[in-house]
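Chemist: I'd like to ask some things about the structure below.
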Amino acid sequence: MITIDDLLEDAALPITPDTSFDVGAMLRRLAADADRRPDNGGEVGSAAQAGHRLSTVCRWMINAPGAAQHIGELADAPLPETPEKTEVFDVEGACVFACLLLLTGHPESAQFWWQLSAGAGHRIAAYCLHLHHLALGETREAAHWKHEVTNTRTGMHGIDDVLLECLGTVASYVRKNGSSSSMAPTGQLEMEVDRLAVEGGCPIVRRPDQRLVEQLRDFTNR
């Protein structure tokens, strides 16, 4: 049976470092959208809370300006014919796609695409993996991805513990009070993802195509 690790080992998708995602800007935008300061609640206290927080972060990502553009770039990038070729791989697009997969009921595929994105240094993808494993009760894996989020190393800008707590606090507030920046995917989006899952013939949902891109663009422009 093919596993996610097998697919990751065989994946020959070249990557570009993430330089576009500004966590501080996202926090400011969401706090302004909520129209008040969030309450305490940065720490994730349970698997259920982690799952709720992950869902909120995923909704932010698919509602973000440029989400459809990033998925479009992921869809358009040609698959490399050999491991030596260096095609462009949109790292943020992989994270957005993973978030959409999680919200439409494909958690294993979401984990695969988050791992590709986080492996390229995308901080929010690593944070999503941290929450994903916490929600599954997999504390060792969750601790690993939290370290990847907060640790600063070459090619990756870490999120310090204070900013990580702030991110969690805003997520908790928005989950309880709502936000125009955290709408759940529509039925049309879910149907497009399900189509990709069926057409791919693989345990992992294949990369997006332009049909999905157009549906996401309609969703974000509503």
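The values are calculated or read from the model by the stated rules, or taken from the named source; none is laboratory data. Owing to the predicted nature of the structure, the values given are computational and were not obtained by experimental measurement. So basically every Cβ, Gly included, is an ideal-geometry build from the backbone, and we count neighbours across all protein chains shown.
Listed here are the residues, each with its yes/no results for (1) assigned to a helix (DSSP H, G or I); (2) surrounded by fewer than 20 Cβ atoms within 10 Å (Cβ to Cβ); (3) at pLDDT below 60.
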{"position": "146", "(1), (2), (3)": "yes, no, no"}
{"position": "167", "(1), (2), (3)": "yes, no, no"}
{"position": "174", "(1), (2), (3)": "yes, no, yes"}
{"position": "179", "(1), (2), (3)": "no, no, yes"}
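Chemist: So residue 46 fits all but one of (1) farther than 20 Å from residue 204 by Cα; (2) touching a Ser or Thr at 6+ places or on another chain (Cβ under 9 Å); (3) at pLDDT 80 or above; (4) of a type outside the set (Phe, Trp, Tyr); what number is the exception?
Modeler: Of everything listed in (1) farther than 20 Å from residue 204 by Cα; (2) touching a Ser or Thr at 6+ places or on another chain (Cβ under 9 Å); (3) at pLDDT 80 or above; (4) of a type outside the set (Phe, Trp, Tyr), residue 46 misses just condition (2).
Chemist: So, of the residues in segment 183-199 that are among the acidic types (Asp, Glu) and closer than 24 Å to residue 65 by Cβ, which turns out to be surrounded by the most Cβ atoms within 10 Å (Cβ to Cβ)?
Modeler: Initially, segment 183-199 is screened for residues among the acidic types (Asp, Glu), giving 190, 192, 194, 199.
Still in the running and closer than 24 Å to residue 65 by Cβ: 190, 192.
On the way: 190: 17, 192: 22.
Ranking the candidates gives 192 first.
Chemist: Would you mind stating whether residue 207 is of a type in the set (Lys, Arg), farther than 18 Å from residue 64 by Cβ, assigned to a helix (DSSP H, G or I) and at pLDDT 85 or above? Let's see the steps before the verdict.
Modeler: Values: of a type in the set (Lys, Arg): yes; farther than 18 Å from residue 64 by Cβ: yes; assigned to a helix (DSSP H, G or I): no; at pLDDT 85 or above: yes.
Answer is no for this residue.
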